[in-house]
Structures are given as structure tokens and as C-alpha cells.
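So the structure is just underneath, and the comments pick up after that.
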Number of protein chains: 2
Amino acid sequence: MPRRIVIIGAHAAAVDAAVAARKTDRTAEITLLTTEKHAGYSRCGLPFVLGGHIPRFKDLIVFPQTFYKMMKLNLLYKTTATNIDTEAKTVEIQDKTEKRKLPYDSLIIATGAFPFVPPIKGREKHGVHVVRTIEDGQKIDKAIKDGAKSAVVIGGGLIGLEVAIALVERGLKTTVVELIPQVLPAMLDTDMAKLVHEMLEQKGLRIIVGKGVDEILGEEKVTGVSVGGEQISTDLVVIATGVKANTELAKKAGIATGFRGAIKANARMETNVPGVYAVGDCAESINLVTGRPALVQLGTVAVRHGKVAGINAAGGYALFSGVLGSGVTKFFDMEIGATGLNEFFAKRNGIATVTGALSSKTKADYYPGALPIRVKLVVEKESQRIIGGQIVGSEEVTQRINALSFAIQMHMTVRELAKADTAYAPPLSETWEPMVLAAEIALRKLR
Amino acid sequence: MPRRIVIIGAHAAAVDAAVAARKTDRTAEITLLTTEKHAGYSRCGLPFVLGGHIPRFKDLIVFPQTFYKMMKLNLLYKTTATNIDTEAKTVEIQDKTEKRKLPYDSLIIATGAFPFVPPIKGREKHGVHVVRTIEDGQKIDKAIKDGAKSAVVIGGGLIGLEVAIALVERGLKTTVVELIPQVLPAMLDTDMAKLVHEMLEQKGLRIIVGKGVDEILGEEKVTGVSVGGEQISTDLVVIATGVKANTELAKKAGIATGFRGAIKANARMETNVPGVYAVGDCAESINLVTGRPALVQLGTVAVRHGKVAGINAAGGYALFSGVLGSGVTKFFDMEIGATGLNEFFAKRNGIATVTGALSSKTKADYYPGALPIRVKLVVEKESQRIIGGQIVGSEEVTQRINALSFAIQMHMTVRELAKADTAYAPPLSETWEPMVLAAEIALRKLR
């Protein structure tokens, strides 16, 4: 009898799990299910559709239906998993017409995360949005097309700012409100965040940090928000204060959860119940620097999780290596990236650090069009190892983050980085690579 | 008495040596000398001035004269070192007016390299150029301004092609002739070189590979070249068949030379004569993969050499870590980079390899403006370690080369790279980083 693999979810982690499972076991019966009417689309692309960079929401659908056919994957849309029975090895599912039970040999839980909406007074009003699904994006798009002229985004993290920028690009007078006294608090240290903050203000975004929204104002429909005594009128509110792992179903089935409520998984991405795997935004990882559980809800982690779980669920053997939280984004013409621990998280983990930061150019100084870039390294004092990097610049940030990510993963010391062999050509870089010079600066503090 | 440091040379390696020496010893008397009338300029920028990307040749001068004053460096222009006496510790120098001896405590030889001109019949004719100095560049620029309409570049390596492209950009009908049956033979394997070759032909460059120039034709002035029986008429010939380490002075002084005639230097960049250092294009390095002597004549290596020698010459202690030959260039809108060993050099060093190559996009597939990129990895079979990488693509090539360079330096296995944590955002990269996918492909060949 063919192996039956059920995957609850049908986005990044789930689809990559299904593909890896199919490659491992040609005959397995693989079923994916999603509560949504779209599957396998890139949530990360939503702000860029809103901003007009990508023409249509449906462009975000990475795999066409023919792909699932070709890979012989059963994909169930608008279907909710209502119960998991780990003894009987069945998943109870509910679609428009019926409730039934899917038997499984291996189960992969890819239930993702849901937007966390803090208990702000008035959050239920018409005109208050979140950004998680294509439908969420379409609602905001419609509000703009219906004439919204101003917006308040609650949350100055990655998604909040990406959406705020999209709204500015669409012509809305936009204000971002962030409770923590800096933008991108999970990604950047205060000094690096300041560069981003200043650029965004220059581009016309109003940013209020260190204050929360006290109330969302308006009758039935939102008309404004109240922030530290100030009333800001707005046609639109977007709440982007993070997401929470969607684990209700797993918990009900006796599957253990851990860090920040995410499902506990070992290096094979297997939960405490043998044969049941957890992947993506609902599942824990191990941080490669601290060795401790972490919850990194990024697409790259989701697909890496999915691949490992898919191989294991199909009878293969694969291990997940851990996370650094390497991430990057583009705000207008500025690229912002980070990997590993920043100073704040290092301190919180009890790690004594020194840092090295340096501003340079993206091309030879004399080459027309050379643009600014700033690199900051976080170095563990004891081992002299690089444990984090943050970069804000006009180009070539992503792959520098990858270079630092490789350095961290391979336990490179700051001394080794200061002597590294790097590539150079006048139209593409400076002779002395800024990462190398930042290492030199950090090294001097260690002497 | 202050320490006397003499540096023969005044470009990349020499100036970085002087700066490092000054930082190490505030009171040292530091003298640099150059036979040229310009010092401390970027030779790498010459083709980009010729092509019109950089306005003036003098823009390539990285440090103004005020810099040398500020750093208290004595810089002698148009001055030739005619003899080194390692017993008496003096350098005999000759300028326009006099011959004299400079005593030294530490000597740094940064005599660079000179263009190697193969013994082609007719190479002495008027209209035959090399590209090494600002004066060389100015002569070619003048020939174009004087009405040259066509050119033949002998040599399809990095400099040859950079110059050929500049000539195309200036409107000259240009042909490149390369003896080896591919372009960029020192940098790329045949499969990757083919991508570059095809793109260059599409851009209007004629490329002849696998054939040499039999004769440069013309009376006093060049009128054509003869290549495998074909006569190609041309107004201009540029010979770019590599450079040779300039070691005559060193050899005369009894300083040992080694690989490809370059000056032997230990990890402190010190020659067989204590207190005498050698840096830049005239000095050997150790290849980080093979552990064997190598001669990598790149600006990045020169400045790294210079820094180490400068510290040591001034009484400090620094070690050079070795080279991978990481290099990159930009041909029209294509970026081309390589690091470590390619298949050819691995084989020559007796290393059994597998490779993984993959074509991908520079942004999410659905993001408008996503451009092609191809990554090739060379993996040592025995250790499964990455020992080389080659990338041809439209953007973000340089820092991927740096990322692979870090991976090679840190002995990353292809298995580790296949599981690496990388950064992603739709406008900046694909979810699965092509370097990671190329590792996956190589890994499959090892199973």
C-alpha cells in the first residue's frame, strides 16, 4: 500500500514539504489542504503588489495548478482540519459540503501563523486591516481604490513598514506608530535603525516611535487613531504587530509546544508524536548562535523546514541545521538586511560583544554612481567569532548578508574576516570590502 | 633615531604598506618611489575611463598629494630604484637630476608587473599598445580621438575583454583574438565562459578563440593583423596577454624568486633577506585551497599584501592568510565573478571534483525585472568541501563571490551550503538562493 502523507497547509513550508516528499517517495499519496481559496502563494510579495511593483495579487501564486497535477499532489482548497487523532492516525477535515477523516502514515503540520492584533480599543471597526492573505491585500487595495487618502500603520517592523511604504507609493498620507522606541526592533540595533528612520521620513512617511495607539476612533468606520494624546485622522488602519504561531489544532491533539507557543520539533522537524512533523511559521527552530529554541517566521526558514520534513515524512533522512534569522528587505531605494544576533539580542542571551561599524561606498569611490552602504558586525568577545551582522545600503546588501551568514555558520572569527580574500572591480565594489574593514574596527576593540 | 622604511613602488600595495607602517610606527621615516609621474592610482579603472564611464584618467588617482603630507610619507615621482644593497641596507635611486643612496632599516619591494608582450612579428609598429599605466590609457584614448575606427585586442582575459568592451563603447569595430579556445581562461571553465562569449558577440564584439595572431601588419603604422590565414584590417592593436612580475632589481640583489618568477615571500611577506619584504604583483602568495605557491596579480591581493608588510616593516606583527583569487568584473550589463579553483585548475592540481551548476533569477520569479544568474560550484570529492565558485549574472554577483570565498576559506562542505541560512525578499532574491541549490545539485553527485 502506498504511504499516505497528509500536509495541513498549502503555502511555502507545505508545498516544499510535498515536493521533497514526492522526490523521496514516487508512489506516496500526498494530500495538502488549505482553508484559503489560493494555495502556494508568496505572502512576502503582498506589500509589493499593494505598492504597484507587481501587477496582480494572483501573480504571487508561485505554482500553477498544473504543477500539483504533474507532481501528483492532491490539493484541497477551502478545507479546514478540525481534528487530529494521533492514535488512529487520522485528520478530520471539513470543506463546504462534508466532514470526513483522512488517514495518514505521516502528518506534516504547516498551519502557519495568524496576525496578532493587540487589544486596542476600536480594533473591530470597519477600515481596520491586517496583511496576511491575498484577501487581506485585496481589501486594502479596494479601500485605496475606493478613495482612502490617509492611513495609519500600527507596527514599525518589517511588514508594517513594507505596507506603509506601499501606501505612500499609492499616494496615501501615511503614519507608522511603533510602541518600541525604534523601527525594525527585531532586526536592527538603534544606531542602524536610525538610518532607516531618517530615510523614511525624508520620503514623506511620518513615524512615531515609543508610543502606542490608545484607541482607534470612529463610529462604525475608522476615522482616526489616538496616539499619546494626539488624534491622527485616517481613512485606513493596518495592524502589523507581528504574527502568532497557529497551534490550536496541534495542542488539542497533544502535540507539545515551546518557545513563544510554537510547536516543538527536533532536527528532523518531528514533534513529540512520532510520524508527526511541524514546519514553517508554526514551528520552532534552533538558533545557530545561541543553540537555544527560536521562532523565525520567514519564508526561507519555512521552505527549509518543509524540505527536511518532507524527506523524513516520506521515509528518507534529513536534518535541519538551524536558523540565523537572515533577512532582508527593500524600502524605496534602500536595502536593509540582518543576520545572526544584534547587540540587543546578544545581551539578552548573556553574550558579551564588541561591534565594528563602517560607512563605505558600493563602488570604487571615483566610479560615478557609487552609493552609500553601512556595515555593522557584532562579535562575541570570548571567542572573537562573528555572531551578527546588519547592513543598510543602496545595493548589494542581500548577498553581503549571505556572506556574513556563511561566516557565522562556519564560526569565522573577526580576525579571519579582517584578512579575508574578497572580490573587487571599480563598477562593483571598493578595493577594501566594507565587511572586512568593519571586522578590522571590531578587532581593534578586542586588542 | 627613527626607523627608516623605503618602499619601491607607489601604487596599491605600496601605498597600503606605507599607511599600515605609519599606523604602526608614528615616527618612522617612510619613503615611496615610483618611476611614473602619477602615484597611487587604480590601474583597474583604466578600461572604464577608456569606455567613458569615468570622466578623466586623473580621477583614478585615489589619494591626493595632501594625503601623503598628512600621513607624513615622502613620495618621490619619476624616480627609479637602480640597485639594492642588502648588506649596506641601501637603495640606489636615480631621478631626473641625480643618483643617490637611500639607507633603510626595512625595505618593501612593490615593483609590480609589466605587460608581457609575446614575440609577435610587427609588435614594434606604431599603433600597437599595452594597458598598464595612465600614459598607456591616454595613448589609446588619443588614437581613438585621432579617428581610429577599428581595433584588434590580442588576449581574451579580464583586461583584454575590459579594454575591448571600452573600444566597442567608443564606437570602434573591435575584434578579440585569444590563443586558448575560450575567453577568460584563467577565471572560468569552458561552460561558463560560453555564456560570456555569446553575450559579447551579441553586443557586437567579434571574438576569435583558439587562434593566435601570426603577424601585425603595416608599414611603420599598424594596418591589420593576420590570424590563422585571415587578414583583419585595423587602426589599433592592444596587446593584453598578461603581465609578468617585475623582479629584475630583486634578483640582482640576491632575493629569491619562485612561482612564475615572482618574489618568494613568507606569511609575513618577508623575502629570504630579513628586513626585505615583497608585495603586490611582483610577489608570490599561498593558495588557500592547494596550499601551494600562487601568483594572483589583483588589486585586492596587493592591498592585503601591503598592509601585512607595512605592519611588519614598522616593527609590528601581521600574517598574510593566503589567496583564493576572488575576482569580478562587469562586461556591459553582465557581471562575472570567480573564486577558488575552477575545474581546470583543480584537475591540474590533482584534485578530483564534482560540480553543481544552476540557472536562476536575481529576484522572485514573479517580481518584474528579475534577471538571469548562473552559479557553478566546484567541490572536492574527497572532503566534500567547496573549493571554487563561478557566477555569471546580471546583478549581485560580487557579493555572492564573497560569500563563496568565505565558505571556501572556512572549509564549508557542500552539504553545509545546501542547508545554509540565507536572506530573501521578493525584490532582491529568490526564496531558494541559487548558491544553495547549486550545492544541492553537486551533493546529489556525491551520493
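Overview of results
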| item | result |
| --- | --- |
| Some residue of segment A:317-339 being in a strand (DSSP E or B), more than 9 Å from chain B (Cβ to nearest Cβ) and of a type in the set (Ser, Thr, Tyr) | no |
| One residue from B:Phe116, B:Phe48 being open to solvent by less than 50 Å² (accessible area, probe 1.4 Å) and either at pLDDT below 95 or of a type in the set (Phe, Trp, Tyr) (or both) | B:Phe48 |
| Count of residues meeting criterion [closer than 18 Å to A:Ala18 by Cα and surrounded by fewer than 16 Cβ atoms within 10 Å (Cβ to Cβ)] in segment A:91-113 | 1 |
| Search result, residues across segment A:51-75 that are crowded, with 18+ Cβ neighbours inside 10 Å and more than 23 Å from the chain's Cα centre (by Cα) | A:Tyr68, A:Leu73, A:Leu75 |
| Test: residue in segment B:160-170 that is of a type in the set (Val, Ile, Thr) and within 21 Å of the chain's Cα centre (by Cα) | yes |
| Which listed residue is more than 14 Å from chain A (Cβ to nearest Cβ), more than 30 Å from B:Lys139 (Cα to Cα) and open to solvent by less than 10 Å² (accessible area, probe 1.4 Å), from B:Ala39, B:Ala10, B:Ala88, B:Ala21 | B:Ala21 |
| Filtered residue count, segment A:433-447, keeping only those that are under 26 Å from B:Val392 (Cα atoms) and without any contact (Cβ under 8 Å) to a residue 60 or more places away in the chain | 2 |
| The listed residue being touching a residue at least 40 places away in the same chain (Cβ under 8 Å) and on the phi < 0 side of the Ramachandran plot, out of A:Gly258, A:Gly316 | A:Gly316 |
| Residue in segment A:1-15 that is farther than 18 Å from A:Lys58 by Cβ, touching a residue at least 40 places away in the same chain (Cβ under 8 Å) and in contact with a Lys or Arg (Cβ under 7 Å, 6 or more places away or on another chain) present | no |
| Within segment A:218-260, tally of residues that are over 27 Å from the mean Cα position of the chain (by Cα) and polar (S, T, N, Q) | 5 |
| Residue check, B:Lys121 modelled with pLDDT of 95 or more, closer than 22 Å to B:Val176 by Cβ and more than 26 Å from the chain's Cα centre (by Cα) | yes |
| Scan of segment A:62-94 for residues that are modelled with pLDDT under 95 and touching a Ser or Thr at 6+ places or on another chain (Cβ under 8 Å), ordered by number | A:Val62 |
| Qualifying residues in segment B:230-278 (those that are in a strand (DSSP E or B) and hydroxyl-bearing (Ser, Thr, Tyr)) - the one nearest to B:Arg292 (Cα to Cα) | B:Thr257 |
| Members of segment B:400-440 found to be within 7 Å of chain A (Cβ to nearest Cβ) and under 20 Å from the mean Cα position of the chain (by Cα), listed by number | B:Arg400, B:Ile401, B:Asn402, B:Ala403, B:Ser405, B:Phe406, B:Gln409 |
| Those strands (runs of 3 or more DSSP E) lying entirely in segment B:342-399 with at least 3 residues at pLDDT 95 or above and away from chain A (no Cβ under 14 Å) | B:353-361, B:372-380 |
| Segment A:296-312 residues that are more than 9 Å from chain B (Cβ to nearest Cβ) and open to solvent by 10 Å² or more (accessible area, probe 1.4 Å), paired with ones that are of a type in the set (S, T, N, Q) and part of a helix (DSSP H, G or I) (beta carbon under 6 Å, 6 or more apart) | A:Ile311/A:Thr24 |
| Long-range neighbours under 6 Å by Cβ, at least six apart or interchain, first residue under 11 Å from A:Pro368 (Cα atoms) within segment B:45-58, second part of a loop (DSSP other than H, G, I, E, B) | B:Phe48/A:Pro426; B:Phe48/B:Ile54 |
| Residue check for A:Thr271: more than 22 Å from A:Ser42 (Cα to Cα), among the hydroxyl-bearing types (Ser, Thr, Tyr) and either assigned by TED's automatic domain parsing to the domain that holds A:Val379 or modelled with pLDDT of 95 or more (or both) | yes |
| Scope segment A:358-384; condition open to solvent by 10 Å² or more (accessible area, probe 1.4 Å) and closer than 14 Å to A:Val436 by Cα; matching residues | A:Leu358, A:Ser359, A:Ser360, A:Lys361, A:Arg374 |
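The values are calculated or read from the model by the stated rules, or taken from the named source; none is laboratory data. The structure displayed is predicted, hence computed values, not measured ones. Methodologically, a virtual Cβ is constructed for each residue, glycine included, from the backbone with ideal geometry; neighbour enumeration extends over all protein chains shown. Note: accessible area is taken over every heavy atom of the protein model, side chains too, but ligands, DNA and RNA are not part of it. Shrake-Rupley method; radii C 1.70, N 1.55, O 1.52, S 1.80 Å.
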